[in-house]
Structure formats: structure tokens, C-alpha cells
Amino acid sequence: MVNKATKPTDNLIGRDAWNIQLDNNGHLKHFLTTEGLGTDILTQILDTAESFADINEKSVKKVPLLRGKTIVNLFFEASTRTRTTFELAAKRLSADVLNINISTSATSKGETLLDTLQNIQAMHCDMFVVRHSDSGAAHYIANNVAPNISVINAGDGSHAHPTQAMLDMFTIRRNKGANFGNLRVAIVGDILHSRVARSQIHALNNLNTGEVRVIAPKTLLPVDIENMGVNVFHDLHTGIKNADVVIMLRLQKERMQGALLPSEQEYFKLYGLTEEKLQAAKSDVIVMHPGPINRGVEIDSTVADGKHSVILDQVSYGIAVRMAVMTMTLGREKVAGDNTGDNK
Ligand code: CP
């Protein structure tokens, strides 16, 4: 079920956008959203990432799987974790990487997105990794690039951030095992503006998670959130009770229109995660956050840096998961478990 609040506008993505991620053989061509992707593809991403996580632990962290391929990072919006881990992932796969600095590109002189794309495409590249503040931008690009180019959505507006969701699934699987059916996962905070939450919810449900909960004040929840297959709570204690995984989200003040909250102090009092409040969850709970974290707003430092936190592991696993998605889309003949390559 597509959440109306998150569905990119038809004029941006076109009617068939939800079907364009897979090629005629059912392999991943673009990675734009976790919505509509089956357990098989999502599990393949996780399995493929496992072998890359091992490579990332080695002293020589490079394999030749994408040698000769050119990957273009097109970030129209700020990023620390996503842009750098995509760049590292591409380099570890031996691809050539081009980082387009949008603030110094011709886009700032009025060139349209399509014209920018067509010019970069003329340089014979193989993949665009796109972050954009408009929901639907990655779909729009995927619908307008040459057929040989793969597009990865690195976050579009409040719509989707699929590689973040998959690195989160990878982190959960590494800590809690492969059976998501046993798990209760609680997502806390600004769900309304969060592309991460939407992609996580789709991924968790498509991996058959036992229970997915969202916890937020009414003003920070989309009106039809229940249609996404989650249980809704407005009280933090009740919402994280017996949770195996608690995912905290940042207040996205840059996307808020009008006063949705009384104050950050009041928000922290009600929804900020402290060690004391975390006692309601299971004793072996893991605490996650996609970053950037706002200490003292949605999470206390004692939790962010505490024994239950896996926040920095999420960042590390992001490289392996992005390597997996890149090889699955660009080297579609490759299969999970065949990723060590000629490591010389
Ligand atoms: N999680 C995430 O998308 O972080 P960045 O904005 O730093 O890329």
C-alpha cells in the first residue's frame, strides 16, 4: 500500500515507476525504493553484503568486480555518511568514481536536471547515485536515463532511502539473526518527514518482521500510517515495551512547516531516549539511528554511546550493503557468495 503522503507526484515519476526497478529477468536494475521488493531480492542484498562485510575487514579491501565501470555521485542535498560510503563502496569494487559538486556545477547557473544528466551521460558512465530534496527525483532520473545506466536512490525528499533501510536490516540481522519473524521493531520520532522510516517499514514488512511499531506525537505521523502495516503508539514507554530493536529518528526541522512541536525540551522529555526509558525494552535490545544524531533532542548521549548502541556499526555496514547493491545492479550476472573476485 502506497502511503499517499509519501507517494512522489505522478508528473515526477510517471505511472510505471513502481515497476522499473527490476529488469526482464527479475534482477535489480535500479534501486529506488524497498517498497514492492520481495523477500528474495531483499535477502539477496543482505546475503551479498555479508561477503563484502568480510572483505571490508581485510587489510586489502579491494576487489575488481566493477573494474572499468564509472559511477557518478550526484548529491543535490547535504550528506556525510551516504555520500562517503557510496564513494568508498565504489572504490573498493575498483570502479571509477566521479563526485559532482552541485554547488559548483552548471545546475547553479540554471541548467535543468535533465540537461545535467544528459551531459554526464554523454561521458559514458554506468551508474548515477542520486540524492535530491524532491520526492520522486530518483524515479524521474531512472525514467529518463539511457537504458544501460543504473540509478540508485541515495535519499529523495521524504519519500525513500532504500540503501539506508537495507544497511539497517543488515545491522538487525547481524545482531538478531535471520528470522525477522521473531522480532519486535520500534521506530521512534519524526516519521512524517522521514524517508528512512518509510523505507525501513517497507523492508521490515517485506522481510516478514513479527511486529513493526511507530511511536510519535500525532503531529509527526502521516495520517494513514496504519495502512503501511505498523502498530501506532503515542507513548514512548508503551511503544518500546519488550522491543528487540529501537530505531531513533532525528527531528527534521528543515522539512517542518509550522509549529509541530511545543519545544525541543518538551519533545526530549516525552520522546527522547534515556537509559531509564530504555529499561522498558528487552534487556538485549539494540538501539539504532540513521544519523545525524541530535544529542539531547531525540537521544541522550548515555544511550547513543552506550552498550546497546549499534549506531556506528550501521555506518560501517553501509559500505558492504552499498557494494552489494552496486554489484547486483551493474553486474547482474553475479550472484551472492561469488564476490571475492580476483583479489590481486
Ligand atoms: N543517514 C544518512 O542519510 O546520513 P547522511 O545524510 O549523512 O548521508
### Query
³J(HN,Hα) across region 287-301 via Karplus (A = 6.51, B = -1.76, C = 1.60, θ = phi - 60°), whole Hz, x for Gly/Pro?
10, 10, 7, x, x, x, 8, 10, 5, x, 10, 9, 8, 7, 4
### Cα pair distances in region 142-200, grouped into 5 Å bins until the bin that holds the longest one, percent each
4, 16, 20, 20, 15, 13, 6, 5, 1
### Query
If you take the alpha carbon radius of gyration of region 162-315 and divide it by 2.2 N^0.38 Å, what ratio comes out, to two decimals?
0.94
### Query
How much accessible surface area, in Å² rounded to 10, belongs to the heavy atoms of residue 98 with a 1.4 Å probe?
70 Å²
### Summary
Mean-square fluctuation maximum in Gaussian network of the chain, Cα pairs under 10 Å, restricted to 324, 165, 146, hits 146
### Query
Taking θ as phi - 60°, what are the ³J(HN,Hα) couplings along region 132-146 by the Karplus curve (6.51, -1.76, 1.60), each to the nearest whole Hz, with x for Gly and Pro?
8, 6, 8, 4, x, 4, 5, 5, 4, 5, 4, 6, 10, 8, 4
### Task
Counting other Cβ atoms within 10 Å, keep those with at most 13, restrict to DSSP loop, and tell me which trypsin sites (Lys or Arg not before Pro) in region 251-318 are left.
307
### Message
Along the Cα→Cβ direction, 7 angstrom out, place labels at residue 96 and residue 284. What is the inter-label distance in nm?
### Response
4.9 nm
### Task
Give 253/277; 218/253; 176/241 a once-over and call out the pairs whose C-alpha atoms are over 21 Å from each other.
253/277
#### Entry: Sites excluded, GluC sites (Glu not before Pro) in DSSP loops with at most 15 other C-beta within 10 Å, longest stretch of the chain
112-332
### region 179-247 - percent of accessible surface contributed by carbon and sulfur, probe 1.4 Å
45 percent
### Task
Quickly estimate the mean residue ellipticity at 222 nm for the chain, helices only: each DSSP H run with n ≥ 4 gives -39500 (n - 2.57), and the total goes over all residues, rounded to 500.
-10000 deg cm²/dmol
### Query
Residues with amide H under 5 Å of residue 98's amide H, sequence separation 5 or more or different chain, H placed in the peptide plane at 1.01 Å from N; which?
71, 72, 73
### Task
Name the residues whose placed amide hydrogens come within less than 5 Å of the amide hydrogen of residue 154, ignoring near sequence neighbours (fewer than 5 apart) on the same chain.
130, 131
### Task
Could you tell me the accessible area of residue 300 in Å² (1.4 Å probe, neighbours in place), rounded to the nearest ten?
40 Å²
## Note on the structure
Taking every DSSP bridge whose two residues both lie in the chain, the antiparallel percent to the nearest 5 is 5 percent
### Query
Taking Cα pairs under 8 Å and at least six residues apart, what relative contact order does the chain come out at, in percent?
23 percent
### Message
Stokes-Einstein diffusion coefficient for region 125-245 at 4 °C in a medium of 1.567 mPa s, Rh from the Kirkwood formula over Cα pairs: what value in µm²/s?
### Response
84 µm²/s
### Along each principal axis, Cα extent of the chain, largest first, Å
54, 45, 35
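The values are calculated or read from the model by the stated rules, or taken from the named source; none is laboratory data. What you see is a predicted model; the values in this text were computed from it and never measured. All Cβ positions, glycine included, derive from the backbone under ideal geometry; neighbour counts span all protein chains shown. Protein only, heavy atoms only, side chains kept; ligands, DNA and RNA dropped before computing areas. Shrake-Rupley method; radii C 1.70, N 1.55, O 1.52, S 1.80 Å.
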